[in-house]
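Data first, discussion second: the structure below is written as structure tokens.
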Amino acid sequence: MTGGAQGVRGSLARRAHGTGVEGNGRPMTDRKFRSRDWFDNPDHPDLTALSVERYMNYGLTLEELRSGKPIIGIAQTGSDLAPCNRHHLILAQRVREGIREAGGIALEFPVHPIHENGKRPTAGLDRNLAYLGLVELLYGYPIDAVVLTIGCDKTTPACLMAAATVDIPAIALSVGPMLNGWRNGERVGSGSIIWQARQMLAAGEIDYDGFLELAATSAPSVGYCNTMGTASTMNCLTEALGMSLPGSASAPAPYRERPQMAYETGNRIVEMAYEDIKPSDILTRKAFENAIRVNSAIGGSTNSAVHITALAAHAGVELEMPEWQALAHDIPLLVNLQPAGTYLSEDFHQAGGVPAVTRQLIGQGLIHEDALTVNGRTIGENCREARIVLPDVIRTWDKPLTTKAGFLILSGNLFDSAIMKTSVISPKFRERYLSDPDDPDAFEGPVWVFDGPEDYHARIDDPAEAITEDAILVMRGSGVIGHPGSAEVVNMRPPKALIEKGITALPCLGDGRQSGTSGSPSILHASPEAAAGGNIALLRTGDRLRIDLKTSTVTWQVSDAEITARREALEAAGGYAFPESQTPWQEIQRDIITQLDTGAVLKPAVKYRRIIDRFGNPRGNH
């Protein structure tokens, strides 16, 4: 039995006692679920009749609908448009069986699809859109509890945010990562290989067809990225928050454990409906601190800071971006996964998964052990006895890959907030930029400024640019307003001429995001962005920046008078130019979204919390 499997099966065997149904599926309590308002309300026979007759038309019986059993929603994120989550179409059958076995009635429904690679101009547009749609579904339909099918990057926060807003019993089920990719006996990580291959293409080592072939080797099965990208990070942090069954984040999608987990998840959500365990019981301040610390230990994606901060806002938990550094920068990197390490997600699962990592943090007093989880037990009870099976994949606290591996939150006269992932600072990058004995962990250089990815691609290899070896590449116009949605475009490769000289990485900075699969220690999420009037809009190629990791500052080396003059000139010219909205949703979101440093949430949405507790059921429709 693998480490990950051991953690999952052991925890499921020790779930909270007191199921809500007898063996014959009849309720053990007189608990009245909200769905009765639709299906068995004698005070409004007309509304009841309208509901039951139409839900019977595909085979449900009147007896089932009036039984008083909980109606369990399955929020389905899988589809042909969302290939990373597509396996949920299969897993949902096992979820249904678990629900039925425990005495519930399953209703499966679609969630707005989100696929990171397929959606243009960026899937960043769709997280909040999917959130809005799911809130309406969970509140406006006869759903007593819900299974959230999570996986690809933004499906996870969208589902969790909606469940937190409505606050009905909810449990997340991960679709799981892909199997390891292999080529010539070496592991090939999804996403990470793309950034390596584009340098090989620029250097003439491979051609276009070779690029595509190399990329394909990293995706050998169903599931999401097999590296510690944003998808794996967010699924691991969902478990660390307590919103999925312990040990369930890491099992690869094709493993038999995945449908077993689906069954157990369906079984458990019925119990949660009777126990009335809601997201507000789990998503506490302690849970968020646990997740932030686990994120550092696993080498998690910088995108997690945006999504977890957004989730906290919708859960009513105060969490500010500087706390990511204060709580977790000093935590070492314990998980040896690409892009910060060597291995892939299948190895991580075999090594012990999230419980094994959490156990290491428990040993240092860094986990709030009393935080409740969806199985009715605390995270301490779930993980205190977890063990590491493969010690080179998951390291012990005293043998980390690197120390102080958490995020740095930077500020200065160029922006109020930006983030840097220190666990991917390679020895080569550190030697080149951060090893001056007279000025350690700091460097300076001239900037080359690009206004969006189109500008970058048009100019990066132009010899006339004459980009120097000490350059800092800056991407702007890539934030939540400018792109819109914020694109993963800040991890820029150097120009071909420098790659041919052996310089494979330059410092990057920008107001957008980058893929969690990238190994670039970029400075990201500069807020306010250029399109929101941030000083980054005033930056010019040739200006110099000083980046000091000791003080977490970025200093734009121009005078205040020059900054003022440039701002006046930009405002006189009509402000920073960015592409016009191409769809209604782009325009709507641009008008009401916050910046990345506050989670990129919709300003009017965060005041809607615990909707059912606050408002009760919605008004009748006839």
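Only Cα sites of region 137-178 enter the Debye sum here, all with the same form factor; the resulting log10 I(q)/I(0) across q = 0.18, 0.20, 0.23, 0.31 1/Å is -0.49, -0.58, -0.73, -1.12, listed in q order. Semi-axes of the equivalent ellipsoid of region 169-209 are 32, 13, 7 Å, computed as sqrt(5λ) over the eigenvalues of the C-alpha gyration tensor in descending order.
As a calculated quantity, the FRET efficiency between residue 585 and residue 454 at R0 = 30 Å, using C-beta atoms, amounts to about 0.90. Taking only the alpha carbons of the chain, we obtain Rg and Dmax values of 24.7, 81 Å in that order. Our note on the geometry: Cα centres of region 230-285 and region 369-401, 15 Å apart. With the biggest extent put first, the Cα atoms of region 282-437 measure 49, 38, 25 Å across the principal axes.
For a straight C-alpha distance cut-off of 12 angstrom, the aspartates and glutamates reachable from residue 154 (same-chain residues fewer than eight places away being disregarded) are 116, 126. Rg of the Cα atoms in region 34-83, relative to 2.2 N^0.38 Å, amounts to 1.43.
Reported to the nearest whole Å, the Cα centre-to-centre distance from region 565-579 to region 126-190 is 40. For region 55-175, a crude dipole built from +1 on the beta carbon of Lys and Arg and -1 on the beta carbon of Asp and Glu, taken about the Cα centre, is about 200 debye to the nearest 20. Among the cysteines of the chain, those whose beta-carbon sits 4.7 Å or more from every other cysteine beta-carbon are 159, 225, 236, 383, 508. Excluding residues on the same chain fewer than 8 positions from residue 69, give the lysines whose Cα lies under 19 Å from its Cα. Within the straight-line limit of under 19 Å, residue 69 reaches these lysines: 32, 278. Summarising the amide proton neighbourhood of residue 541: residues at separation of 5 or more, or on other chains, whose placed amide H is nearer than 5 Å comprise 449. Normalised by 2.2 N^0.38 Å, with N the number of residues, the alpha-carbon radius of gyration of region 363-460 equals 1.64. Counting Lys and Arg as +1 and Asp and Glu as -1 over every other residue whose Cβ lies under 12 Å from the Cβ of residue 612, the net charge comes to 0. On the principal axes of its alpha-carbon atoms, region 33-128 has extents of 50, 28, 22 Å, going from largest to smallest. Measuring gaps between exposed loop sites in the chain (trypsin sites (Lys or Arg not before Pro); DSSP loop; at most 12 other Cβ atoms within 10 Å), the longest gap, sites not included, is 257-500. With the highest mean first, a sort of the peptides 408-416, 39-47, 321-329 on other beta-carbon atoms found within 10 angstrom per residue produces 408-416, 321-329, 39-47. Two decimals is fine: what is log10 I(q)/I(0) at q = 0.20, 0.25 Å⁻¹ for region 450-499, from a Debye sum with one equal scatterer on every Cα and no solvent? With no solvent term, the Cα-only Debye profile gives -0.67, -0.93.
Couplings for region 418-424, taken from phi via the Karplus curve 6.51 cos²θ - 1.76 cosθ + 1.60 with θ = phi - 60°, read 7, 10, 9, 8, 7, 5, 9 Hz in order; Gly and Pro are left as x.
Surface analysis of region 48-195 yields an accessible area of 35 Å² per residue, using protein heavy atoms and a 1.4 Å probe. For region 161-235, the extents of the C-alpha atoms along the principal axes are 55, 23, 17 Å, listed from largest to smallest. Over region 68-177, the Kirkwood radius and the radius of gyration, each from Cα atoms, give a ratio Rg/Rh of 0.96. Only aspartates and glutamates eight or more places from residue 550 in sequence, or on another chain, were considered; those with a Cα closer than 19 Å are 323, 330, 416, 431, 436, 438, 439, 441, 444. Solvent-accessible area assigned to carbon and sulfur over the chain amounts to 50 percent, based on a 1.4 Å probe.
The values are calculated or read from the model by the stated rules, or taken from the named source; none is laboratory data. These figures come from a predicted structure and were not determined experimentally. No Cβ is skipped: glycine too gets one built from the backbone with ideal geometry, and neighbour counts run over all protein chains shown. With ligands, DNA and RNA removed, areas are computed over all heavy atoms of the protein, side chains included. Shrake-Rupley method; radii C 1.70, N 1.55, O 1.52, S 1.80 Å.
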